[in-house]
Amino acid sequence: MDRRRFLLTSLAGALAAPLASEAQQARRIPVVGSLWNGSEAISAPNVAAVRQGLKELGYVEGRDVTIVSQYADGKFERFPVLVKELIELKPDVIVAAGPQAGRAIKQATSTVPVVMAVISDPVAEGLVQSLARPGGNITGIAFENAELTAKRLELLKRVIPGATRVAALADSTFGSGGLPELQAAARSLGLELQVVEVRGPADFDAAFRSARAARAEGLVVLASPLLSANRKSLIAHAASSRLPATYEVRTFVEDGGLMSYGPNFQDMYRRSATYVDKILKGARPADLPVEQASRFDLVVNLKTAKTLGLTIPPSLLARADQVIE
C-alpha cells in the first residue's frame, strides 16, 4: 500500500468510531496535521510533546482530535508532496516543524491554519508580517537564534580556553543561521573563525578535512534542520576528528556530542498545542501573536569530554540543566 493510501486508510479508521445517534454520526473529529523534518524515529520525542500538550488541554486522541503526521526523513525536496497529501485530508490545522516545513505549507495554501512550532525568525522567512500581528494563516512560537549562536561559542571557549582557532559548520542552503553574530563573537574572544559550508551529508567528509587542515581546535555547528536530521553522522565525524563541538539541540549531546545550548524544543512543541487549541475553538492565526521561547537548556556530556581529554569547568557544570555521565 502506498503512503498516501495508508494515510487515508489510517485517517478513515480513526474517524470511524461507533456512534450512538444520528447527531453523533454528524460530528466530525478535528484533524491536526503535522509536518516534520526528520524521520519518524528522530521526530518521535517532539511528536509526543505535541500530543502531551493537547492531552494537558483535555484532548483525547481518537475522540476529540485525530493527529496525522508526515516525515521528510531529512529530504526537504519531499515537502511539496507531503504537504499536498496533508491538505487532501482537509486538516483543521497543521503543525510545522521549522522554516522549510513552514515555507512549503505557505506555498501550498493560504487558508489552512498553520502553527509554527520551532523557527528562529518567521518575519525574515516571510511567514508572518510581524510577531505581534502575523497577518495571515500562520502563527506559533519562535526564538532568537543569532544571540544563542554567539553564546555557544563563548561556552566552547570556556571548555577549551587555550584555543585560538575554531571552525563553524554551516548549512549553505539554510541562510546565515547567526553567522554574522558568531563572527563578531569570535573577534571579541580573540579567535580565528573558519567557516565551512555544506549542502548535504555528502559534504561532511570534506568539511571535516578542511577543518583539520586549518588546525581548528573546536567546532560550532550552526542551526539547521538538515544538520539536525543527520546529527549522528556529524557526531561521528567530530569524534573521529577529535574536535570538541557545540550544538543547538540537546539531542546531539544525548547521542554523544559534547555540549549544547539552545531552546528547549520539546517545551516549544508542547506549547504549540495551545495554538492548536485556540484555532480549533475558532481563533484566526492572523490574530494570535507569535510567542518567544522561554526555556533554554545547557547540556554537557562528560563521557565525551573525557574521551577528548577535556575538563569541564565546575562553574559550567553547575549551570548545566543536564549532565550526561
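Since every read-out is calculated from the coordinates, none of them should be taken as a lab result. If you're wondering where the values come from, they're calculated on a predicted model, not measured in any experiment. Don't worry about glycine lacking a Cβ; one is built from the backbone with ideal geometry, like all the others, and counts go over all protein chains shown.
Are any of the pairs Lys151/Lys232; Lys75/Lys306; Lys55/Lys106 more than 32 Å apart by Cα-Cα distance, and if so, which?
Cα-Cα > 32 Å for Lys75/Lys306; rest within.
Which number do you get for Rg(Cα) / (2.2 N^0.38 Å) in segment 248-325?
1.51
About the Cα centre, and with charges only on the beta carbon of Lys, Arg (+1) and Asp, Glu (-1), how big is the dipole of segment 196-325? Nearest 20 debye, please.
Magnitude of the dipole: close to 100 debye.
For a protection proxy built on the mean count of beta-carbon atoms within 10 angstrom, sort 292-299, 240-247 highest first, please.
Listed from highest to lowest mean packing, they are 240-247, 292-299.
Based on the Cα atoms of segment 154-259, what semi-axes does the equivalent ellipsoid have, where each is the square root of 5 times one gyration tensor eigenvalue, given in whole Å with the largest first?
19, 15, 14
Please report, to one decimal in angstroms, the Kirkwood hydrodynamic radius of the chain built from all distinct Cα-Cα pairs.
Computed over Cα pairs of the chain, the Kirkwood hydrodynamic radius comes out at 20.8 Å.
Treating only the Cβ atoms of Lys and Arg (+1) and Asp and Glu (-1) as charged, compute the dipole magnitude of the chain about its Cα centre; round to the nearest 20 debye.
I would put it at about 220 debye.
Which residues in segment 35-67 have a backbone N closer than 12 Å to a point placed 7 Å from the Cα of Lys281 along the Cα-to-Cβ line?
57-59
At a 10 angstrom cut-off on C-beta neighbours, averaged per residue, how do the peptides 196-204, 42-50, 268-276 rank from highest to lowest?
So the order, starting with the most tightly packed, is 268-276, 42-50, 196-204.
Please report, for the Cα atoms of segment 90-137, the Rg to one decimal and the Dmax as a whole number; what are they, in angstrom?
Both quantities, over Cα of segment 90-137: 9.8, 29 Å.
Kindly work out what percent of the DSSP beta bridges joining two residues of the chain are antiparallel, to the nearest 5.
Expressed as a percentage, antiparallel bridges in the chain total about 10.
May I ask you to derive the relative contact order of the chain, considering only C-alpha pairs under 8 Å and at least 6 residues apart, and to give it as an integer percent?
Once normalised by length, the contact order is 19 percent.
Could you work out the per residue convex hull volume over the alpha carbons of segment 30-147, in cubic angstrom?
Taking only Cα atoms, segment 30-147 has a hull volume of 115 Å³ per residue.
Which percent of the Cα-Cα distances in segment 143-186 go past 12 Å?
Result for the distance tail: 61 percent.
Quick one: compute a quarter of the convex hull surface over the Cα atoms of segment 193-242 and quote it in nm².
3.2 nm²
Could you derive backbone 3J(HN,Hα) for segment 210-226 from the dihedral phi with the Karplus parameters 6.51, -1.76 and 1.60 (θ = phi - 60°), listing whole Hz in sequence and x where the residue is Gly or Pro?
5, 5, 5, 4, 7, 6, 5, 9, x, 9, 10, 8, 6, 5, 5, x, 4
With all distinct Cα pairs included, what does the Kirkwood hydrodynamic radius of segment 129-204 come out to in Å, to one decimal, could you say?
Result for segment 129-204, one decimal place: 14.4 Å.
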